[in-house]
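Here is the structure we will look at.
The values are calculated or read from the model by the stated rules, or taken from the named source; none is laboratory data. Note that this is a predicted model, so its numbers are computed, not measured. Note that we place each Cβ from the backbone using ideal geometry, even for glycine, and neighbour counts take in every protein chain shown.
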Amino acid sequence: VGDGDGIKAFYVYAGHIRNSLGFNEFEGMNYPYGQTHIFTDGQTVLAVLFKFLAQYFPFFNTHSMGIYNVLMLMSYPLCGMMLAGIIKRLGMPLVITVVASFSITILSPQYFRLFGHPTLSYVVAVPLMWWLFIRYKESSKKIKWSLVIACNAMFWFMVHPYYIMLWVMFAMAY
């Protein structure tokens with residue numbers, strides 16, 4: 001990652017886990033005052049979770065970048081699974097479901113974010129939103145699915161604030 005915000009996103013994420021004293025403030029930017037971590041593009045929910053876990057399990061401190069990269073890559077099979085679940089509900093044959101979900105996943109424009117803006121590279125975000133709205137519509141337990149949708153929206157907001165704008169636009173379109 002040599003251009004864009006990629007190197008900064010990696011630095012903020014790993015730097016917060018290793019060096020920050022608190023969980024919400026990141027001292028590696030905006031010297032001498034620090035910066036609220038969520039505005040630094042450092043996947044706040046993951047960085048805070050791994051910072052907490054690193055106190056008890058050093059693995060999360062020493063392997064934070066590997067975990068970061070694996071999570072980005074795992075987004076692709078999860079996207080395929082979400083899309084397969086959506087396409088299956090349309091009554092398509094298994095072959096079409098598999099080919100379509102695979103094709104849509106690998107054609108995702110989020111792939112290019114891996115190299116310049118990695119926190120926005122999770123291809124699973126939109127299919128997951130769509131799948132949750134379908135489950136909400138099909139369910140008789142609207143409160144349960146409303147809470148799941150709200151928690152999921154908050155999770156993605158804590159990964160990167162741009163995701164909440166994506167959620168709002170998707171919800172309005174739905």
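Residues are listed down the side, and each one gets a yes or a no for (1) of a type in the set (A, V, I, L, M); (2) within 18 Å of LEU114 (Cα to Cα):
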position: TYR13; (1), (2): no, yes
position: PHE23; (1), (2): no, no
position: PHE26; (1), (2): no, no
position: VAL48; (1), (2): yes, no
position: LEU53; (1), (2): yes, no
position: TYR56; (1), (2): no, no
position: ASN61; (1), (2): no, no
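The number of residues in the stretch 128-148 being closer than 20 Å to PHE170 by Cβ and either assigned to a loop (DSSP other than H, G, I, E, B) or in contact with a Phe, Trp or Tyr (Cβ under 6 Å, 6 or more places away or on another chain) (or both) comes to 6.
When VAL48, VAL70, VAL148 are checked against the criterion of being aliphatic (A, V, I, L, M) and either more than 19 Å from the chain's Cα centre (by Cα) or modelled with pLDDT of 95 or more (or both), a single residue qualifies: VAL148.
The set of residues in the stretch 121-174 that are exposed (fewer than 13 other Cβ atoms within 10 Å of the Cβ) and aromatic (Phe, Trp, Tyr) contains only TYR174. Note on the stretch 41-127: enclosed helices (runs of 4 or more DSSP H) holding 3 or more residues that are over 17 Å from ALA9 (Cβ atoms) and of a type in the set (A, V, I, L, M, F, W, C) are 44-54, 64-88, 94-106.
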